[in-house]
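The values are calculated or read from the model by the stated rules, or taken from the named source; none is laboratory data. From a predicted model like this one, the values you see are computed outputs, not experimental measurements. Counting neighbours? That spans all protein chains shown, and the Cβs are built from the backbone with ideal geometry, glycine included. Remember, those area values only see protein heavy atoms, side chains included, never the ligands or the DNA or RNA. Shrake-Rupley method; radii C 1.70, N 1.55, O 1.52, S 1.80 Å.
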Amino acid sequence: MKRLIAFLMALLVSPLLFAAHAADTGAGIPNPLRIGSEGAYPPFNVVDQSGQLKGFDIDIALALCERLKVECKLVAQDWDGIIPALLGGKYDAIVASMSITAERKKVIGFTDKYYSNKVRFVAAKDGGFDPGNLAGKTIGAQRATIAASWLEKNAGGAKIKLYDTQTNAYLDLAARRLDAIFADGLVLHEWLKTRDGAGFVLVGKAYELDEGIGIAVRKEDDALRQRLNAALAAIIADGTYARINARYFPFSIY
C-alpha cells in the first residue's frame with residue numbers, strides 16, 4: 001500500500017517538476033525571471049500612477065534581463081516581507097536597494113554590488129540637531145534596514161521610531177514629529193529636492209555600514225547569482241549602467 005501511494009505521488013509530482021524544468025533556460029536562469037522590489041523607495045523603486053514599478057532598481061533589473069535574454073516579470077512586495085517572500089518562492093531575485101550585510105548573507109546569497117551606499121542623518125536646518133548627542137531625540141528609520149539596526153545598537157538615550165516605508169518616515173519628519181531621520185544618503189538626497197524636504201539638510205558624517213547594494217537570491221540558486229554577476233559586469237562595460245545612472249543622478253553611484 002505504501003508503495004502504491006508513493007507511486008501515485010510520483011505521478012502527481014513529476015509533471016510539476018517537468019514544468020519547473022521547462023521554465024528554466026538550462027543555464028540556471030528561470031524564464032521569465034521574477035524580480036521582487038518594494039515600490040516605495042524613490043528614486044530607486046516606486047509604483048507610478050499606472051501601478052507599474054519604476055526607478056533605478058527597476059531599470060537595472062530590466063537591463064539585466066535583456067542581457068540574459070529572458071523575460072523580466074516584476075513583483076511588488078512590502079519591505080518587511082521581502083526576504084521571506086524570496087525564500088518562499090514568490091520571485092527569483094530581489095532588486096530593491098538591499099544592503100549586503102554579514103547577517104543577511106547567513107540566509108540569502110548576493111551578487112556583486114550594483115551601487116554603493118552610505119547612511120546619513122537628515123534634520124531641520126533650524127533645529128540644531130547634533131548627531132554626536134542623540135539623548136532625548138526622536139529619530140526615524142525604516143524597519144529591517146541597516147539604518148534601523150545601527151540606531152538600535154548605537155543611539156542610546158534616543159527614542160527610535162521605525163516605519164514600514166521611507167515615505168511614512170518623511171511625513172513625520174516634515175510634520176516635525178521627528179528630530180531626524182537616519183537613512184540611505186542617496187534616497188535622502190532625492191527627498192531634499194522636494195517641497196517637503198526644502199527646510200531640511202544632511203547633518204554630520206556619512207556612515208558606511210554595508211558592503212554595497214546587491215541583488216539577493218536564494219543560496220541554492222548560485223548558478224543564477226553567477227549569471228547575474230556576468231550580466232552586471234557586461235552592462236557596466238558597455239555603458240548601459242552609466243546611462244541608467246545618469247537618468248537619476250548627476251554623479252556616479254557605483
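Structural remarks
- Computed helical MRE - 222 nm, the chain, DSSP H runs ≥ 4 contributing -39500 (n - 2.57), nearest 500: -11000 deg cm²/dmol
- For the pair Ala237 and Arg177, the difference between a 0.36 nm per residue extended length and the Cα-Cα distance amounts to 17.1 nm.
- Taken per residue, the accessible surface of the chain reaches 50 Å², heavy atoms only and a 1.4 Å probe.
- The apolar share of the surface of the chain, taken as the fraction of accessible area on carbon and sulfur atoms (1.4 Å probe, ligands and nucleic acids excluded), comes to 55 percent.
- Checking every one of the GluC sites (Glu not before Pro) in the range 53-125 against DSSP loop status and a limit of 12 other Cβ atoms within 10 Å picks out Glu71.
- Where Rh is the Kirkwood radius over Cα pairs, Rg/Rh for the range 21-90: 0.99
- With the convex hull drawn around the C-alpha atoms of the chain, the volume per residue stands at 155 Å³.
- Note on Thr101 and Trp150: the extension gain reaches 16.4 nm, defined as 0.36 nm multiplied by sequence separation minus the Cα-Cα distance.
- Fraction in percent of alpha-carbon pairs per bin - 5 Å, the range 95-233: 2, 10, 19, 21, 17, 12, 9, 6, 4, 1, 0
- For the pair Lys159 and Lys73, the difference between a 0.36 nm per residue extended length and the Cα-Cα distance amounts to 27.0 nm.
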